[in-house]
Amino acid sequence: MFSTEFLDIPSLHSAAGTITLPGSKSISNRVLLLSALCQGTTVVHDLLDSDDTRVMLAALRQLGCGVQENGTTVTITGLGGKLQNAQPIEFFMGNAGTAMRPLTAALAVLGGDFTLKGVARMHERPIGDLVDALRLLGCRIDYLGNDGFPPLRVGKPSLTLDLPIQVRGDVSSQFLTALLMALPLAAQQQDIVIEVVGELISKPYIDITLNLLQRFGIQVQRDGWQRFTIPAGSSYHSPKTIHVEADASSASYFIALGAIAADGAQPVRIQGVGADSIQGDIRFMDAAAQMGAQITSGPNWLEVRRGAWPLKGIELDCNHIPDAAMTLAVMALYADSPTTLRNIASWRVKETDRIHAMATECRKLGAQVEEGEDWLRVHPLPKNQWHPASIHTYDDHRVAMCFSLAACNAAQMPVRIEDPKCVAKTFPDYFEALFSVTQADKQNIPIICIDGPTASGKGTLASRVAQALGYHYLDSGALYRITALAALKAGLLLDTAHEVAIADLARTLPARFEGESVWLGAQDVSDAIRTEEAGMNASKVSVLPAVRTALVALQHSFQRLPGLLADGRDMGTVIFPHAPLKVFLTASAAQRAERRHKQLISKGISTTLDSLRADLEARDARDSNRSVAPLKPAQDAFQLDNSQLSIEASVDQVLAWWKAKQPF
Ligand code: DC
């Protein structure tokens with residue numbers, strides 16, 4: 001997951017390859033609650049691991065459910081319709097509507113002493129219609145803040161179920177879903193009837209609810225979309241095992257990506273959800289096809305290619321695909337005529353006011369946008385009018401994912417996504433998935449080089465800057481260290497006598513970097529390459545020209561989306577001479593000797609400052625004067641003397657230079 005302040009997505013020129021989507025949020029949280037209300041255990045496979053499901057799991061644990069997690073398989077031991085402890089409980093619901101609404105209803109019917117709170121935005125999301133309906137049937141619910149909004153206090157009910165329960169359907173379908181999941185708990189003696197007042201929005205989500213209720217033993221009778229009856233004697237039965245479908249709303253980004261950028265031989269293939277999904281958002285397929293996408297499907301997969309190009313503008317009532325329809329707003333930028341999305345009033349009460357958010361951010365890209373209370377019109381954005389924009393994401397996962405698609409523009413503009421970790425709500429690894437199926441021109445994948453003498457602190461600085469930007473990190477010194485280690489293991493001498501053999505080894509070096517650890521084939525060599533001796537050995541192989549040449553391709557292969565931080569002596573001069581930012585890091589020999597001294601002492605290695613300083617100065621002289629790749633700053637490098645700077649100050653300086661070079 002990218003936990004950086006922002007993520008710069010380079011201009012993407014094409015898309016191809018396979019992605020496997022995480023489980024559906026709507027299905028995951030419904031299945032968790034239904035499993036909790038059953039007697040016995042339910043094994044849930046392919047559960048989404050995200051902020052919203054974690055909120056639900058935490059709440060179920062607080063209620064006394066058994067929760068055993070094993071990757072994406074979670075085993076729930078249910079309450080059997082009764083609560084085990086009578087203690088007051090305070091629940092924190094974050095910004096998870098799919099947890100807040102159904103839990104409120106279930107807890108209100110079960111009864112107890114509960115407080116339900118969330119983040120500030122959750123306290124602005126309406127729940128009044130659900131509370132009204134629950135109060136009418138005898139539940140005790142008080143508002144702790146503003147009337148009609150969380151936080152809430154829930155007490156013990158005295159239920160009266162004789163009259164139909166009325167609930168408004170035109171604000172959020174989650175109110176009806178919440179009642180449909182809670183009321184089977186009370187349907188022992190008599191039928192329970194729910195009547196929807198007003199036009200029901202987002203009907204497909206009710207379909208998901210009914211479908212899952214059926215899997216848990218509850219057959220709801222439905223008369224149109226107005227009247228739902230839970231028959232007397234209904235009770236929850238665990239299906240024992242259940243698989244969660246991949247998220248159809250998440251599929252929308254990759255369907256759109258295929259329609260915009262899969263113009264080569266290979267399609268974008270989406271695993272985990274197919275055209276026969278029970279999720280309403282799968283109908284996004286039809287809208288995308290109308291705009292030009294070529295889509296084929298089989299059991300649990302979709303393949304998407306570019307069809308009509310530019311895409312075709314459409315006018316669509318989006319009530320049936322409220323979440324996925326946001327993706328159409330960004331596809332509209334690539335169309336030949338305006339696209340109008342209608343009947344989307346519910347966007348205004350989601351994670352953020354999504355009509356406002358989509359309009360504002362599309363305008364930042366340069367597009368002309370019109371909006372009304374419940375509609376949005378986005379005009380095509382011609383190539384010469386694209387702006388490089390920094391997209392504000394409003395703590396809304398879908399805004400972040402949608403606007404990543406703006407990076408496919410023909411103007412070759414990068415796009416900055418602010419607060420990229422907000423995608424964790426439903427798709428924590430979204431950007432990794434995106435980068436795994438998109439390609440960019442090499443010259444558009446940014447590289448920052450940090451060169452400098454030994455013990456100048458390059459490694460620390462480079463890896464911190466890489467972390468701050470979410471970029472890959474190439475520690476080229478480690479490659480020479482690994483090469484020397486591999487050569488010694490192969491019984492080679494580290495000099496010109498075996499230069500060709502060492503170069504052969506280097507060319508196919510099975511080196512891997514995983515977080516902090518470094519692997520040579522199946523062996524973790526993180527410690528072995530960090531000794532003083534390994535450094536000396538690296539120094540020996542690094543003066544062999546054939547070895548340096550053999551490592552060039554491997555070093556180039558680190559230039560991957562979204563960008564690279566390359567650390568080493570010849571990064572800016574030899575390996576990546578066209579890098580847009582080069583930093584030559586120095587510190588006085590005295591300072592470097594002192595740092596190295598501290599480092600060695602802390603490792604229990606005894607040494608003196610004077611001898612270290614003499615060593616460093618000798619190495620500087622050797623490195624600068626050697627005939628092969630001598631240590632020297634690139635002509636266009638920024639020099640940074642960090643003798644008097646903290647690590648943070650050095651990182652800030654490099655980031656400041658980097659930001660100043662960006663177009664945002
Ligand atoms: O940065 P380091 O101490 O891990 O580097 C190990 C050796 O490899 C050192 O002697 C310098 C050499 N080296 C090199 O010649 N070219 C590079 N790009 C990186 C390191």
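Per-residue answers, yes or no, for (1) out of contact with any Ser or Thr (no Cβ under 7 Å at 6 or more places or on another chain); (2) hydroxyl-bearing (Ser, Thr, Tyr); (3) within 27 Å of Phe435 (Cβ to Cβ):
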site	(1), (2), (3)
Asp336	yes, no, no
Cys362	yes, no, yes
Ala367	yes, no, yes
Glu373	yes, no, no
Arg416	no, no, yes
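The set of residues in region 509-540 being among the small types (Gly, Ala, Ser), more than 15 Å from the ligand (Cβ to nearest atom) and in contact with a strand residue (DSSP E or B) (Cβ under 9 Å, 6 or more places away or on another chain) consists of Ser517, Gly521.
Taken together, Met326, Met358 contain a single residue that is touching a residue at least 40 places away in the same chain (Cβ under 8 Å), in a helix (DSSP H, G or I) and closer than 16 Å to Met285 by Cβ, which is Met326. Screening Lys240 on (1) buried (at least 18 other Cβ atoms within 10 Å of the Cβ); (2) under 30 Å from Gln189 (Cβ atoms); (3) charged (D, E, K, R) shows it passes everything except condition (1). Among the residues of region 624-664, those identified as assigned to a helix (DSSP H, G or I), within 38 Å of the chain's Cα centre (by Cα), surrounded by fewer than 14 Cβ atoms within 10 Å (Cβ to Cβ) and small (Gly, Ala, Ser) are Ala649, Ala656, Ala660. If I filter region 276-288 for residues that are surrounded by fewer than 16 Cβ atoms within 10 Å (Cβ to Cβ), under 14 Å from Ala251 (Cβ atoms), over 24 Å from the mean Cα position of the chain (by Cα) and touching a residue at least 12 places away in the same chain (Cβ under 8 Å), do I get at least one hit? Among the residues of region 276-288, at least one is surrounded by fewer than 16 Cβ atoms within 10 Å (Cβ to Cβ), under 14 Å from Ala251 (Cβ atoms), over 24 Å from the mean Cα position of the chain (by Cα) and touching a residue at least 12 places away in the same chain (Cβ under 8 Å), which makes the answer yes.
Of the residues making up region 71-92, those that are modelled with pLDDT of 95 or more and either surrounded by 15 or more Cβ atoms within 10 Å (Cβ to Cβ) or under 28 Å from the mean Cα position of the chain (by Cα) (or both) are Thr73, Val74, Thr75, Ile76, Thr77, Gly78, Ile89, Phe91, Phe92.
Give Leu479, Leu494 a once-over and let me know the one that is modelled with pLDDT of 95 or more, over 28 Å from Gln662 (Cβ atoms), within 14 Å of the ligand (Cβ to nearest atom) and more than 38 Å from the chain's Cα centre (by Cα). Please lay out each step first, then the result.
Values: Leu479 fails: more than 38 Å from the chain's Cα centre (by Cα).
Residue meeting the stated conditions: Leu494.
Let's see how each residue does on (1) outside any strand (DSSP E or B); (2) at pLDDT 95 or above; (3) under 30 Å from Ala332 (Cα atoms):
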| site | (1), (2), (3) |
| --- | --- |
| Trp225 | yes, no, no |
| Phe228 | no, yes, no |
| Ala256 | yes, yes, yes |
| Asp263 | yes, yes, yes |
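Restricting attention to region 441-452 and to residues that are within 14 Å of the ligand (Cβ to nearest atom) and more than 17 Å from Gln662 (Cα to Cα), the residue that is nearest to the chain's Cα centre (by Cα) turns out to be Ile450. Checking the stated criteria, Lys421 turns out not to satisfy the condition of being among the basic types (Lys, Arg) and modelled with pLDDT under 95. I want to confirm something. Restricting to region 572-582 and keeping residues that are away from the ligand (no atom under 11 Å from the Cβ) and of a type outside the set (Gly, Ala, Ser), which single residue is farthest from Gln439 (Cα to Cα)? Only one residue tops the list, namely Lys582.
Looking only at strands (runs of 3 or more DSSP E) that lie completely in region 1-106, which have at least 2 residues being over 26 Å from Gly217 (Cβ atoms)?
6-9, 17-20, 89-92
Considering Ala462, Ala506, Ala455, the condition of being more than 30 Å from Ala357 (Cα to Cα), outside any helix (DSSP H, G or I) and within 16 Å of the ligand (Cβ to nearest atom) is satisfied by Ala455 alone. Taken together, the residues in region 268-286 that are among the aliphatic types (A, V, I, L, M), out of contact with any helix residue (DSSP H, G or I) (no Cβ under 6 Å at 6 or more places or on another chain) and assigned to a helix (DSSP H, G or I) amount to 1. Residue pairs whose Cβ atoms lie under 9 Å apart, sitting 6 or more positions apart in sequence or on different chains, and linking a residue in region 204-221 that is free of Cβ contacts under 8 Å to residues at least 24 places away in the same chain to a partner that is of a type in the set (Lys, Arg), are Gln221/Arg227.
Just to be sure before I move on: is Phe584 under 20 Å from Ala511 (Cα atoms), of a type in the set (Phe, Trp, Tyr) and surrounded by 14 or more Cβ atoms within 10 Å (Cβ to Cβ) in the structure I sent? Spell out how you get there, then give the answer.
Values: under 20 Å from Ala511 (Cα atoms): no; of a type in the set (Phe, Trp, Tyr): yes; surrounded by 14 or more Cβ atoms within 10 Å (Cβ to Cβ): yes.
The answer is no for Phe584.
Of the residues making up region 117-137, those that are of a type in the set (A, V, I, L, M) and under 19 Å from Leu176 (Cβ atoms) are Ile127, Leu130, Val131, Ala133, Leu134, Leu136, Leu137. The C-beta contact set for region 526-543 (first residue over 13 Å from Ala478 (Cβ atoms), second residue away from the ligand (no atom under 11 Å from the Cβ) and assigned to a helix (DSSP H, G or I), distance under 9 angstrom, 6+ apart or interchain) comprises Glu532/Leu600. In region 552-571, the residue that is nearest to Ile482 (Cα to Cα) out of those that are near the ligand (Cβ under 10 Å from one of its atoms) and assigned to a helix (DSSP H, G or I) is Gln555. Being of a type outside the set (Val, Ile, Thr), near the ligand (Cβ under 10 Å from one of its atoms) and either closer than 15 Å to Asp623 by Cβ or part of a helix (DSSP H, G or I) (or both) is a condition met by no residue of region 583-604.
Check Glu351, Glu373 and return the single one that is over 25 Å from Cys422 (Cα atoms) and either touching a residue at least 12 places away in the same chain (Cβ under 8 Å) or buried (at least 24 other Cβ atoms within 10 Å of the Cβ) (or both).
Details: Glu351 fails: over 25 Å from Cys422 (Cα atoms).
Exactly one of Glu351, Glu373 is over 25 Å from Cys422 (Cα atoms) and either touching a residue at least 12 places away in the same chain (Cβ under 8 Å) or buried (at least 24 other Cβ atoms within 10 Å of the Cβ) (or both), namely Glu373.
State yes or no: is Leu333 in a strand (DSSP E or B), touching a Cys at 6+ places or on another chain (Cβ under 8 Å) and crowded, with 17+ Cβ neighbours inside 10 Å? First the steps, then the outcome.
Working: in a strand (DSSP E or B): no; touching a Cys at 6+ places or on another chain (Cβ under 8 Å): yes; crowded, with 17+ Cβ neighbours inside 10 Å: yes.
Criteria not met by Leu333.
Of all residues in region 172-189, those that are under 41 Å from the mean Cα position of the chain (by Cα) and farther than 24 Å from Leu32 by Cβ total 0.
Within region 379-397, residues that are at pLDDT 95 or above and buried (at least 17 other Cβ atoms within 10 Å of the Cβ) reach partners that are outside any strand (DSSP E or B) and hydroxyl-bearing (Ser, Thr, Tyr) with beta carbons closer than 6 Å, at six or more positions or on different chains, in the pairs Tyr394/Thr352; Asp396/Thr352; His397/Thr426. Set side by side, the residues Ala614, Ala621 differ, and just one is without any contact (Cβ under 8 Å) to a residue 24 or more places away in the chain, away from the ligand (no atom under 15 Å from the Cβ) and assigned to a helix (DSSP H, G or I), which is Ala614.
The values are calculated or read from the model by the stated rules, or taken from the named source; none is laboratory data. What you see is a predicted model; the values in this text were computed from it and never measured. A quick note on method: Cβ atoms are made from the backbone with ideal geometry, for glycine too, and the neighbour counts reach across all protein chains shown.
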